[in-house]
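Asks: Below: one structure in structure tokens.
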């Protein structure tokens with residue numbers, strides 16, 4: 001199947017909207033005009049399936065036209081890019097319309113140029129800001145996904161682990177420097193902690209391994225120990241992930 005197979009149904013669709021349509025003008029697959037002095041110039045690029053290359057072609061055509069549309073065959077199983085919300089949102093932000101050509105050569109408007117911009121997600125935005133502010137330093141290089149990410153929560157959990165490295169302690173002993181110590185020890189997301197007895201926590205083998213993988217820097221403020229005020233380690237997550 002060739003891209004030229006899309007030309008006739010898209011041309012018929014645009015002519016039904018009152019446009020005069022011609023193909024292969026100035027490197028554009030389809031150019032449609034409507035009105036005079038000056039006319040409304042519509043460019044449509046054709047591909048057998050929606051992809052990034054088609055979007056890039058559309059962006060290139062925007063400087064010479066009033067409207068840009070991208071047309072492609074609809075996926076038979078509905079799993080093409082036309083079903084990807086990220087793809088549609090990209091085209092919406094760029095101001096590019098999408099047309100889908102069916103197996104029977106019908107044409108459907110998948111994304112109108114009048115479609116509203118994607119809404120911002122305030123909760124998602126808030127999570128990004130909160131994580132950015134809580135994370136100490138810049139411990140993870142962007143672009144990787146295979147290694148565990150050094151989140152702010154992992155940094156706090158490592159700080160708790162380092163505070164227990166020399167022996168079991170109570171959450172309240174850690175609270176002056178680690179306000180979330182009780183929640184972290186109790187939830188034990190990574191399996192680093194173990195309850196020794198009521199209200200006292202120690203490190204598991206996994207916890208010791210985590211400290212070897214992510215060594216911690218420390219300073220020594222005063223916190224309340226079981227026998228009074230004693231020196232204890234306040235831990236700061238290492239800025240570089242091992």
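Asks: Sticking with the crude label model, points 7 Å out along Cα→Cβ, report the distance from residue 113 to residue 146 in nm, one decimal please.
Replies: 4.6
Asks: So, R0 is 35 Å and r is the distance between the beta-carbons of residue 40 and residue 77; what FRET efficiency does that work out to, to 0.05? Please list the in-between numbers first.
Replies: Working: r = 36 Å, r/R0 = 1.02.
Taking R0 as 35 Å, the efficiency between residue 40 and residue 77 is 0.45.
Asks: May I ask you to order 91-100, 184-193 by the average number of other C-beta atoms within 10 Å around their residues, highest value first?
Replies: Result, highest mean first: 91-100, 184-193.
Asks: Quick one: if you take sqrt(5λ) for each eigenvalue of the C-alpha gyration tensor of segment 16-122, what semi-axes come out, biggest first, whole angstrom?
Replies: One finds semi-axes of 23, 17, 13 Å for segment 16-122.
Read-outs: derived from the displayed coordinates by stated rules, not from any lab. All values derive from a computational prediction rather than experimental measurement. Ideal geometry is used to build each Cβ from the backbone, glycine not excepted, and the neighbour counts take in all protein chains shown.
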